[in-house]
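In what follows, a single structure is set out as structure tokens and then discussed.
Read-outs throughout are calculated quantities, based only on the coordinates presented, and are distinct from any laboratory measurement. Being a predicted model, the structure only gives us computed values, none of them experimental. All Cβ positions, glycine included, derive from the backbone under ideal geometry; neighbour counts span all protein chains shown.
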Amino acid sequence: MEEARPSALGTESPPALRRNFSLGVLNGIFFNLSSGLISSTLVLPGLVQRLGGGDVLVGLLPALEQGGWLLPQLLVGARLQGVPRKLPVYQVTAVLRGAFFGAMVAAVALAHRVSPAVALALLILFYGLYSVSAGLAGIPFQEVVAKAIPPQRRGTFFGLRQFGGGLLVLLLVSPLLRTVLGEDSPYPFPQNYALLFGLALVCVFLGLLTFSLLVEPPSSRPGRSGTLPEQLRRLPRLWREQPDLRRFLAYRVLARLGLVAEPFYIVYAGKALQVPAGSIGDYMAAITVVQLASYLLWSRLSDRQGNRLLLRWGAGLLTLPPLLALLLPLLGEALALSLPIRTYLFSLVFALSGLGNAAQGVGIGAYVLELLPEPERPAGLGLVNTIAGLLSLLTILGGGLAAALGYEALFLAAMALALGSFLLSWALVEPRRTARPSPPSLRPM
């Protein structure tokens, strides 16, 4: 007999679950708003170029974002494994995150008072520190979610976080970007970017506050804390003895590397199609509309059929944007299309990118939480995410590849990597249908 499942916010749910679900969704909404306001694929690349940065620094942005999030988790995972409550660690990191983001806002706001090189260096420095401090919160965040939200509700949970944030991005952020960054903006540079960063800081603060108010359930099967040397000694055994985790890790790395071209789509659109800066708002809207339309579908598939299907769909969809980025300028020239038509056609690149990222955004986090058993989950998350983070630093090579061989070579490489992750997705197991013993390679040695 199938176990009765509570609705997302139904009255039959325990009060603590309803509270945690609501606060967790609000946390996601605020952070999605913040991410939209300083988008690493639409907003930050333009700011970096305005400050004199080239393609290499544009390619550095996703490496900082992903590497900063993933790399510190090796240090945190084993230490937290025997800690019964992880939320206090998240609350401590919230102070660091708020401070570094505030410093980043100040660096942007004062860009006109210092040399562009100094402003750019401070922006990159504080963006990197903010990303690292977010990485320190990664394991506590995932652990609290794993304990507070049942597996059959996590798809809806992650989907509503993205849906609510995406709806507000569409209604508020997209028109704001069009107004603030457009040619007729009432705000001169760098005040236009400082306004966006200041609003993002408010969203970051609200996001940190809402998650800090969750009620963390006690651990049912706490593990034992370990040390960094113990974690490092586990890596060969983890790779050798856990094929399910090994395949997921390979998928995770290729999927991340397959996004290497994303920060360059907007740069390429400006150079190849002469797309105006104000179109950033339109492209943000294109991404958001398709994500909103898809989140409810991805969430339903996650809850009912598991997350492997989402990983497969996400990887397949993400093979298309770099291909379209290559073909659309050629199509525009062949058909002698006007600039407005070429501008709107290029929104398909961002729309498909948003669709694939939405599937992976719902699926990846929920998948790995089910793949790892609770006693070894913090250490396992730390190992998996740090390995993925180390390899995701290779995305910085995207800027070098674009500078050396051109955007066409970069887009072809991104398409090949995304195709590789799609092929690997067929070898992944569905954790809900696979009975697995606790993996010995994740136990403290």
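For the reader, a short list of remarks on this structure follows.
- Ranking of M104, M284 by neighbouring Cβ atoms within 10 Å, starting from the fewest: M104, M284.
- Centre separation in Å (Cα based) which lies between the stretch 103-151 and the stretch 282-355: 27 Å
- Proxy reagent accessibility, fewest Cβ within 10 Å first, across D184, D244, D303: D184, D244, D303
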